[in-house]
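Novice: Here's a structure for you.
The values are calculated or read from the model by the stated rules, or taken from the named source; none is laboratory data. A quick note: this is a predicted structure, and the numbers were derived from the prediction, not measured. Heads up, the Cβs are rebuilt from the backbone with ideal geometry, glycines too, and the neighbour counts pull from every protein chain shown.
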Amino acid sequence: MNISRITFPPSRRPVSLFVRSLAVIGLLTGIGGVAFASSITFTTIDDPLATAGTGAGGINDAGQIAGYYAVGSAYYGFVTNGGAFSTLGDPLAPNLTVANGINDAGGIVGRYNTSGSTSGIHGFLDSGGVFSTIDDPLATAGTLALAINASGLIVGYITTV
């Protein structure tokens with residue numbers, strides 16, 4: 001499975017829903033419209049080590065992409081930098097690490113699994129190659145980190161069943 005990244009030219013970025021709504025109102029009332037992107041570029045992302053698929057989880061303003069690739073039933077996180085893939089592997093989970101998000105400082109968040117069951121699912125933050133586990137004390141069946149913003153705030157979810 002290949003994942004595609006959509007790139008909009010800098011001068012033709014999509015506008016917000018609010019602006020599009022104003023454009024529709026403008027068209028209905030006779031006020032000038034808004035120009036939308038006329039060309040979109042698709043780029044295939046396929047980790048060269050993958051034998052069973054590649055998935056992209058997040059992208060930052062520098063174009064670095066965080067995601068995962070599969071080799072058989074094992075999953076490994078990755079980050080791209082200028083098209084080069086680097087494998088991320090939480091040292092506590094040699095066969096299941098998935099990167100879900102990356103911020104502009106290069107902080108990467110995701111999940112890893114230590115046991116193959118839901119009780120072994122943990123969130124993580126990789127900051128400069130140093131992995132930190134993120135476990136919500138209320139999560140009886142796993143913590144998953146999905147995204148990280150420029151301030152370092154992490155969002156995700158927990159499971160309790």
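Novice: Here are S73, S115: which of them is under 21 Å from T159 (Cα atoms), surrounded by fewer than 22 Cβ atoms within 10 Å (Cβ to Cβ) and not acidic (D, E)?
Specialist: S115
Novice: Which residues, taken from the range 76-95, are at pLDDT below 90 and surrounded by 20 or more Cβ atoms within 10 Å (Cβ to Cβ)?
Specialist: If the condition is that a residue be at pLDDT below 90 and surrounded by 20 or more Cβ atoms within 10 Å (Cβ to Cβ), then L88, D90, A93 are the ones that fit.
Novice: Test of understanding: among S132, S86, S115, which residue is in contact with a Leu (Cβ under 6 Å, 6 or more places away or on another chain) and free of Cβ contacts under 8 Å to residues at least 12 places away in the same chain?
Specialist: Only one candidate passes the filter, namely S132.
Novice: Out of curiosity, is S151 farther than 22 Å from A50 by Cβ, polar (S, T, N, Q) and surrounded by fewer than 18 Cβ atoms within 10 Å (Cβ to Cβ)?
Specialist: yes
Novice: OK, next. Between a residue in the range 94-109 that is in contact (Cβ under 8 Å) with a residue 40 or more places away in the chain and any residue that is among the acidic types (D, E) and surrounded by fewer than 17 Cβ atoms within 10 Å (Cβ to Cβ), which pairs come within a Cβ distance under 6 Å, given they are 6 or more apart or on different chains?
Specialist: Every condition considered, the pairs that remain are D104/D61.
Novice: Looking at the range 144-161, which of the residues that are in a loop (DSSP other than H, G, I, E, B) and of a type in the set (A, V, I, L, M, F, W, C) is farthest from A62 (Cα to Cα)?
Specialist: Step one: list which residues in the range 144-161 are in a loop (DSSP other than H, G, I, E, B), which gives 149-153, 159-161.
Then drop every residue that is not of a type in the set (A, V, I, L, M, F, W, C), which leaves 150, 153, 161.
Details: A150: 13, L153: 19, V161: 38 Å.
Per the stated criteria, the residue is V161.
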